[in-house]
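This report concerns only the one structure given below.
What follows draws every value from the coordinates through simple rules; no lab data is involved. Keep in mind the model is a prediction, meaning the values are calculated, not measured. Positions of Cβ are generated from backbone atoms using ideal geometry, with glycine treated the same way; all protein chains shown enter the neighbour counts.
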Ligand code: B12
């Protein structure tokens, strides 16, 4: 069969004012532009799990109606879904099926809404794809009737046996970053999280030599690749993390990852990360003060515990020459309209090299979603296209939706202004010079601002 793997590319947002601001404020769009050119790791892994004898092609569609015409010449098209793009994906799937092409759909969204997806795809897959995928291919080859496949009915996906993603299917010139995974899941389980936890509840690390193997595969398609680890929380296990960094160092790559704030407590690890090419970590701070964070995770309560030390911890990390992209969620149940000023003050005080502000988003399948449905606080139920992290689609507890929206604009305009961005960035480079000069191997350094 000719099998087409279709990734939806680009970023999504609907709020017209935000789009307008995004055009003029580099901070809103800068990271979006960078990440928007990432290929789909999930599809490249599925391609690697495809039984021999098929002709495999990788495609991207920026939106509905932008799907390449070659897709219509495939026997089977595989579409990976996130909530924000799922209606576009359904439209494309409907057109493909009308043209006689079989369609298989999987990914985060359809894993929690399989019955909805069954109206648009021949084969819908719930959960991680690697073990179940060969059975889907066989079903399509035998032109079997539509059905829902559940990963839970197949052998568990083992981190030890993950194949090398088929980076070789990519036209490498299109991408400035490539994703590799070192782990799946996160032990803390925030109630709003709609990431890998939608597929499997367990936190699992990969054998380090297989991570190195995958990076070498990326380097074969693009020598100077920037790597983005598509992890939920890379540095949970500090001893394993130090070992990982030691293994990455000789590869001479530059990389970015997502992790929790506890890396700040391990100066040896921070040094190892820096040496291994870590350029930035993205940390979900969510809110500046402890009182706003209680109970946000279902296990650990680590954000509330760390919040008292957030400033110090962030300065320590940045003092080691690793920039932090600090993420804040606006509209938590504890947030009043004062939160916007508080986030601005916090970001400028640390100061954070990069800041990401998003609005609380109830992705289907999350505990947050169930709570808001029960409390009748979803404004437009079923509008998955508003699950962009930027569009307000719920009734905040201590402010109105309009106040939340206005606050987002207000904060974005200030935080990402040329002046504020310059202040935040300059401080990092000053602090970094000092850290590099004064940091003895493995020791914590005097951080910027102390
Ligand atoms: C890389 C990434 C992107 C890339 C995606 C590149 C691409 N084309 O796929 C880009 C930058 C384009 C992107 C965009 C967006 N993203 Co994003 N992104 C991520 C990130 C960091 C990693 C995803 C990843 O690679 N996972 C690893 C792979 C292996 O897992 P996977 O894709 O789920 O695939 C597995 C299974 O789902 C399954 N599978 C998937 N498809 C199929 C199909 C079949 C047939 C089968 C059998 C199995 C199967 O098998 C795979 C292997 O097990 C996650 C956060 C995170 N830490 O996970 C957010 C995340 C996925 N993104 C998110 C969001 C909200 C967005 C945006 C809406 C943001 C915005 N406002 O624009 C847009 C969506 C627009 C779009 N184009 O789809 C949310 C999605 C939540 C949800 N449930 O929908 C996440 C979880 C982040 C978050 N904060 O919550 N993103």
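Beta bridges from DSSP with both residues in segment 176-438: antiparallel share about 15 percent, rounded to the nearest 5. Take the Cα of residue 334, step 7 Å toward its Cβ, do the same at residue 419, and the gap between the two points is 3.2 nm. By how many nm would the segment from residue 237 to residue 429 lengthen if fully extended, with 0.36 nm per residue of separation less the alpha-carbon distance? Stretched fully, the residue 237-residue 429 segment lengthens by 66.2 nm. When each of the peptides 78-85, 170-177, 411-418 is scored by the mean number of other C-beta atoms lying within 10 Å of its residues, the order from highest to lowest reads 78-85, 411-418, 170-177. Here the spin labels are modelled as points 7 Å beyond Cα on the Cα-Cβ line, and at residue 246 and residue 147 they lie 4.8 nm apart. Centre-to-centre, using Cα atoms only, segment 227-295 and segment 104-180 are separated by 29 Å. Give me the percent relative contact order of the chain, please, defined on Cα pairs under 8 angstrom at least 6 residues apart. Reported as a whole number, the value is 15 percent.
The label point for residue 410 and the one for residue 290, both projected 7 Å from the Cα toward the Cβ, are 2.8 nm apart. Taking every DSSP beta bridge that has both ends in the chain, the antiparallel portion is near 10%.
Taking each residue as 0.36 nm, the span from residue 158 to residue 62 lengthens on full extension beyond its C-alpha to C-alpha distance by 31.4 nm.
Note on residue 222 and residue 275: the extension gain reaches 16.9 nm, defined as 0.36 nm multiplied by sequence separation minus the Cα-Cα distance. Only helices enter the 222 nm calculation for the chain: every DSSP H run of n ≥ 4 contributes -39,500 (n - 2.57), and dividing by all residues gives -10500 deg cm²/dmol, rounded to 500.
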